[in-house]
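This report refers to the structure that appears directly beneath it.
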Amino acid sequence: MYVCQKTDLYMKAFIFDLNGTMINDMTYHNRVWQTILNEELGGNFTLDEVKYQMYGKNTELLVRVFGPNRFTTDELNKLSHEKEEKYQQEYLPHLALLPGLPEFLEAAYQKGIPMAIGSAAIPFNIDFVLDNLNIRHYFKAIVSADDVLLSKPHPETFLKAAELLNVPSTDCIVFEDVPKGAEAAANAGMKAIVITTTHEPEEFDQLSNITHFAADFTGEYFMELLD
């Protein structure tokens, strides 16, 4: 896999995925989904099987798992919202940005680097994070599941974020934690930095746009991105 030198990574904008990238919450999402899929909907899924399905919109996950004819649109929306309410209740006592991210966001903000969130989360979940952590002011644009027709790995989320920032897609770098998200960045013509909260580096071997892997946002690499 080709890894860019830091000098190749002078970027005009940063786009962040949210869950698993800015906050380490995917275990909570997985557990809540497993409970709903198995105990409420009659499935028999392991945590690993649930983790494999954890990309895109909630309604898309339900259709992937149970097929297109199991639920009405109203049922899909109700289950999606129920899942997020349970997730927020369980995760709120642990809600925190990943180590190094508060300092990175503040430094980028002070330097005037435009930043956006490009997430498959619904606004209900994005607001939960931004408002409880008081970080909304860092982001000039937010693209949620409700703002796109096609989920990652389609590039629409990241292309729309770049458009809202008024920055060419090739001048954006994406922070992601899952292969489908990094693939969406590649499809948008963007480099990606992977935060390894949920997936191992070898799971991204098929992608050539990955420039760096890190467990969090600490270390010189991230501050050098701002130079």
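A Förster radius of 35 Å, combined with the Cβ-Cβ distance separating F213 from E39, puts the computed FRET efficiency at roughly 0.50. Considering only beta bridges that DSSP places wholly inside the chain, some 5 percent are antiparallel. The amide H of H212, built 1.01 Å from its N in the peptide plane, has V194 as neighbours under 5 Å, considering only residues 5 or more places off or on other chains. In this simple spin-label model, placing a label point 7 Å from the Cα along the Cα-to-Cβ direction at both K180 and T27 gives a separation of 2.2 nm.
Calculated mean residue ellipticity at 222 nm for the chain: -11500 deg cm²/dmol, from DSSP H runs with n ≥ 4 weighted as -39500 (n - 2.57), summed, divided by the residue count and rounded to 500. Once the chain from L149 to F124 is taken as fully extended at 0.36 nm per residue, the excess over their C-alpha distance is 7.2 nm.
Only Lys, Arg, Asp and Glu carry charge here, each on its Cβ (+1 for the first two, -1 for the last two); on that basis the chain has a dipole of about 380 debye about its Cα centre.
A straight chain from N132 to T196 at 0.36 nm per residue would run longer than the Cα-Cα distance by 20.7 nm. So which of K86/K140; K111/K180; K83/K111; K152/K191; K57/K140; K12/K180 end up more than 27 Å apart by C-alpha? Over 27 Å apart, Cα to Cα: K86/K140; K111/K180; K83/K111. Compared with the dominant Cα axis of the chain, that is its longest principal axis, helix 123-133 is turned about 50°. Each of R31, R70 was scored by other Cβ atoms within 10 Å of its Cβ. Listed from fewest to most, they are R70, R31.
The numbers here are math on the coordinates, done by the rules we state, and not lab data. Quick caveat, the model's predicted, so the values are computed rather than measured. So basically every Cβ, Gly included, is an ideal-geometry build from the backbone, and we count neighbours across all protein chains shown.
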